[in-house]
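Worksheet: the structure to be examined is printed underneath.
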Amino acid sequence: MKRIAFTIMYNAAHHLRHCDFALKMISMFDHWIIAEGFAGNKGSTSWCNELNCPIRSIDDTINLIGDYADKQSECVRLVSPRKWESKDEMVNACIDIARDIIDGQDCFLWQVDADEHWTDDQLSRSEKSIIASCADTGMFLCNYFIGENLIVRGQWGEGLMTPYRRLWHWKGQRFASHEPPILSGGNGKEMLLQERFDHYAYFFEHDVKFKAMYYSGHEHVYRNWKKIQSGSVKFPAPISTLFSGKMFSSTKSRIYQIKNHEKEAI
């Protein structure tokens, strides 16, 4: 069965280079479909703030993915750039290309965000698990990094409250929503799988600055994140250290500082 990944991205050059993310994606997937550009706050991400951002990436993202598509044309497919009303629209543009690729056949469909890292063994074990269990959708926990050697464990971040839907035994359905990822007609039988991916959502300062502007209720996140990185915070620390206010006041998550050898073991 083919293995197809889709990724939506905006100003993601640092992620494409991080730990050879892009090169690993090309080596692990039969096809990698990329939609690039700024997504408006419509659809399932209507909770985000409305920003007046350039519709295309202004870092080196466009050059990098263009180079990948030129040199690895059998694997990397780029969605035609346009103004995106929502992330829902972006993922379904990827799906339209994936439908043409599979031509009515089943495949393994993976959502891999630009800040999410997997190994080939993890992908293979997960695919075998959902087939053996007759499941339709694979859900996962993650190692959620918010800085060098800083990790979040608990309901938020790690995903204990809402695991990450990232894998589908896919038959060509479009997505009803991107957040959370739900296929049209539903996700069928969902299964929590054992593999954990590495998630660098709040690892880079550039990303935290953008999230503080784009995500509603995140106004003080960048200031708090800088304090956490400064070494003045005692760990483990409650998640309210990052998110001040009521948004995560009842969320059972804590920030832990880990050592380098612990990072290699997780």
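The values are calculated or read from the model by the stated rules, or taken from the named source; none is laboratory data. This one's a predicted model, so the numbers in the text were calculated from it and none came from an experiment. Methodologically, a virtual Cβ is constructed for each residue, glycine included, from the backbone with ideal geometry; neighbour enumeration extends over all protein chains shown.
Can you name the number of the only condition in (1) part of a helix (DSSP H, G or I); (2) at pLDDT 95 or above that Leu192 fails?
(1)
What's the number of the only condition in (1) surrounded by 15 or more Cβ atoms within 10 Å (Cβ to Cβ); (2) small (Gly, Ala, Ser); (3) at pLDDT below 95 that Ala265 fails to meet?
Only one criterion is unmet by Ala265, namely (1).
Would you mind listing the helices (runs of 4 or more DSSP H) fully within segment 53-172 where at least 1 residues are in contact (Cβ under 8 Å) with a residue 60 or more places away in the chain and crowded, with 21+ Cβ neighbours inside 10 Å?
87-102, 120-132
So in segment 1-50, with the set limited to residues that are outside any loop (DSSP other than H, G, I, E, B), modelled with pLDDT of 95 or more and among the hydroxyl-bearing types (Ser, Thr, Tyr), which one is nearest to Ile95 (Cα to Cα)?
If we take residues in segment 1-50 being outside any loop (DSSP other than H, G, I, E, B), modelled with pLDDT of 95 or more and among the hydroxyl-bearing types (Ser, Thr, Tyr), then Thr7 is nearest to Ile95 (Cα to Cα).
Please work out which residue is surrounded by the most Cβ atoms within 10 Å (Cβ to Cβ), limiting yourself to segment 211-222 and to residues that are assigned to a loop (DSSP other than H, G, I, E, B) and of a type outside the set (D, E, K, R).
It comes out as His218.
Test each condition in (1) in contact with a strand residue (DSSP E or B) (Cβ under 9 Å, 6 or more places away or on another chain); (2) touching a residue at least 24 places away in the same chain (Cβ under 8 Å); (3) not in a helix (DSSP H, G or I) for Val233 and report the one that comes out false.
Unmet for Val233, out of (1) in contact with a strand residue (DSSP E or B) (Cβ under 9 Å, 6 or more places away or on another chain); (2) touching a residue at least 24 places away in the same chain (Cβ under 8 Å); (3) not in a helix (DSSP H, G or I): (2).
Please determine, by comparing only the residues of segment 22-47 that are touching a strand residue (DSSP E or B) at 6+ places or on another chain (Cβ under 9 Å), hydrophobic (A, V, I, L, M, F, W, C) and surrounded by fewer than 21 Cβ atoms within 10 Å (Cβ to Cβ), which one is nearest to His206 (Cα to Cα).
The extreme case among them is Phe38.
Taking the residues in segment 185-210 that are aromatic (Phe, Trp, Tyr) and closer than 15 Å to Ile228 by Cα as candidates, determine which candidate is surrounded by the most Cβ atoms within 10 Å (Cβ to Cβ).
Within segment 185-210, the match that is surrounded by the most Cβ atoms within 10 Å (Cβ to Cβ) is Tyr202.
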